[in-house]
1. State whether one or more residues within the range 8-15 are part of a loop (DSSP other than H, G, I, E, B) and at pLDDT 90 or above.
2. Inside the range 23-38, can you point out the residues that are at pLDDT 90 or above and over 14 Å from the mean Cα position of the chain (by Cα)?
3. Please tell me if ASP66 is under 15 Å from VAL147 (Cα atoms) and at pLDDT 85 or above.
4. Out of SER141, SER53, SER121, which single residue is more than 17 Å from the chain's Cα centre (by Cα), surrounded by 18 or more Cβ atoms within 10 Å (Cβ to Cβ) and at pLDDT 80 or above?
5. Filter the range 8-22 for residues that are within 14 Å of the chain's Cα centre (by Cα), more than 19 Å from ALA144 (Cα to Cα) and not β-branched (Val, Ile, Thr) and give the result.
Amino acid sequence: MASGAGLNRVGARGGKLLVQCTGDGTYDSGIVMPEAIGFTKWLFQFVKLGTTSVTGWSVTIYGTIDPAAYDLNDQYLQGGWTTNPLTQLPTTSWVPIPAPSTEDTAPDAYAWANPLTATTSALYTNAPWVAVRAVAVGSGSAGAISVYGFAVP
C-alpha cells in the first residue's frame, strides 16, 4: 500500500484557497502550501464566486524549490516577521510552473494552462515544489474569483 494511501493531502475536501480576487488589480498570494513540501502531484484552478460571468482574469502559478520559502513562511506564522515573507524571498527564486503540453488537444474543452485565463482551464504539475505562489491580475475584469490549489504525495 502506498504511503498515506490517499490520507496525505493539502486541501481537506478539495482545493486549498490561495487567494480571492474582486475587481481590477494585482493579487499576490505570497508563499502558500509549504505544508505540501515535496508532494509530487499539484493541481490549480480558479472558480467564479457568485453568478456573475468571469472575464478579464489571468492567474499565473509559480513554484520554488528554495528552502528559504519554507523557513520564511514558518517564521512568519510563528510571529517572526511583521510583513508577508514573500518580500523576503527574491523574485529569482520563483519560476512559472510549466503546463503539460500533451493535454490541451481538441476537442476537449478543458486545457492545462499557465497562466489560467478561464474557469475551463487548470494547471497540473508533478514536480516536488517547496512552496507555490498565485498571482492574479484583473484587467477589465468582471466577476470575482477564488484560486485553489490541491496537492498529494
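The values are calculated or read from the model by the stated rules, or taken from the named source; none is laboratory data. Being a predicted model, the structure only gives us computed values, none of them experimental. Counting neighbours? That spans all protein chains shown, and the Cβs are built from the backbone with ideal geometry, glycine included.
1. To start, the set of residues in the range 8-15 that are part of a loop (DSSP other than H, G, I, E, B) comprises 8-9, 11-15.
Adding the requirement that they be at pLDDT 90 or above leaves none.
Looking for residues that are part of a loop (DSSP other than H, G, I, E, B) and at pLDDT 90 or above, one finds none in the range 8-15, hence no.
2. Answer for the range 23-38, where residues must be at pLDDT 90 or above and over 14 Å from the mean Cα position of the chain (by Cα): ASP24, GLY25, THR26.
3. For ASP66, the condition - under 15 Å from VAL147 (Cα atoms) and at pLDDT 85 or above - is not met.
4. Selected residue: SER141, the only one of SER141, SER53, SER121 that is more than 17 Å from the chain's Cα centre (by Cα), surrounded by 18 or more Cβ atoms within 10 Å (Cβ to Cβ) and at pLDDT 80 or above.
5. GLY11, GLY14 - these are the residues of the range 8-22 that are within 14 Å of the chain's Cα centre (by Cα), more than 19 Å from ALA144 (Cα to Cα) and not β-branched (Val, Ile, Thr).
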